[in-house]
Structures are given as C-alpha cells and as structure tokens.
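First comes the structure, then the notes that go with it.
The values are calculated or read from the model by the stated rules, or taken from the named source; none is laboratory data. What you see is a predicted model, and the numbers here were worked out from it, not measured in a lab. Using ideal geometry, Cβ is built from the backbone for each residue, glycine included, and neighbour counts are taken over all protein chains shown.
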C-alpha cells in the first residue's frame with residue numbers, strides 16, 4: 001500500500017493545512033514500515049529524519065491522515081492502536097496475529113449485521129470498522145501449517 005504525498009498535499013490544502021516537514025516525516029515513517037506501526041514507533045522512526053518532531057505532532061498527524069482516508073487504524077498484535085496506509089476509501093483489514101502483517105480488503109457485505117444492530121439497539125448506523133485477525137500464509141508455513149484453500153472457513 002502506497003501513500004501519495006501529492007494527493008495528501010492537495011487534500012490538506014483544501015482544508016487549509018500544509019504537509020510540513022514534520023508531517024512528511026510521519027507520513028514517510030508509516031509508508032516505510034513493513035507492518036502496522038504504533039504512534040510511538042512512528043515517532044521513533046520519524047525522529048531519525050526530523051529530530052525536532054514532538055509526540056503530540058505525531059498523534060495529530062496520524063489523526064489527520066486517518067480522517068482524510070490516507071491511513072487505516074488497526075489493532076496490532078503487540079499494541080492496541082496502530083496505523084497502515086489505506087489503499088481504498090472504504091476498506092477493512094486482516095492482521096496477522098504473529099508477525100503483524102496487514103492486508104486490506106474492500107469487499108464486505110455487512111448489511112445483515114447492520115440491520116440486526118439497528119433492530120436491537122435503535123441506533124442509526126453511519127459507519128463500521130471491520131478487522132479480522134489470523135495467521136498469514138508465511139507464518140503458517142513457518143509453523144508447519146499449510147494455507148487453507150479460499151472459502152475453506154476458519
């Protein structure tokens with residue numbers, strides 16, 4: 001998943017914001033990560049290129065990037081909140097519970113679940129967040145468990 005700095009710059013400008021050096025360091029730190037990254041991991045990586053960066057700026061930038069759809073918030077195996085680049089406006093994630101690799105998917109038929117939630121709670125549902133956890137094919141092979149064919153269930 002790639003982050004388009006030019007598109008982010010345009011989106012920020014439409015909100016009256018700039019892609020500052022500090023924000024760019026945060027963006028690059030997430031883009032260069034091989035798995036989901038926590039805000040503290042982003043802070044540590046981004047400070048290598050921007051030593052004056054503050055942790056508050058990291059949190060604010062991650063929030064902004066999530067709001068505009070550039071990042072997807074996930075719950076990583078070793079930390080409660082983490083981030084990955086988003087490749088679609090609306091997508092969901094599968095997170096490997098061993099190595100933390102995140103793969104995005106966009107196909108979701110949640111209407112029956114949403115309808116049931118509306119009936120049971122009376123809420124007007126405006127959005128949803130779906131994350132699945134499991135073992136990626138590489139971790140399964142390392143553990144001696146062959147990958148199941150698609151549609152084989154859990």
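Go through the residues of region 109-127 one by one and say whether even a single one is touching a helix residue (DSSP H, G or I) at 6+ places or on another chain (Cβ under 7 Å), part of a loop (DSSP other than H, G, I, E, B), modelled with pLDDT of 75 or more and surrounded by fewer than 16 Cβ atoms within 10 Å (Cβ to Cβ). Looking through region 109-127, at least one residue is touching a helix residue (DSSP H, G or I) at 6+ places or on another chain (Cβ under 7 Å), part of a loop (DSSP other than H, G, I, E, B), modelled with pLDDT of 75 or more and surrounded by fewer than 16 Cβ atoms within 10 Å (Cβ to Cβ). Looking across region 38-62, just one residue is in contact with a strand residue (DSSP E or B) (Cβ under 9 Å, 6 or more places away or on another chain) and either exposed (fewer than 14 other Cβ atoms within 10 Å of the Cβ) or outside any helix (DSSP H, G or I) (or both), and that is 38.
Exactly one residue out of 136, 99 is in contact with a helix residue (DSSP H, G or I) (Cβ under 8 Å, 6 or more places away or on another chain), on the phi < 0 side of the Ramachandran plot, at pLDDT 80 or above and surrounded by 13 or more Cβ atoms within 10 Å (Cβ to Cβ): that is 99. Note on region 20-37: residues that are closer than 17 Å to residue 86 by Cβ and outside any helix (DSSP H, G or I) amount to 5.
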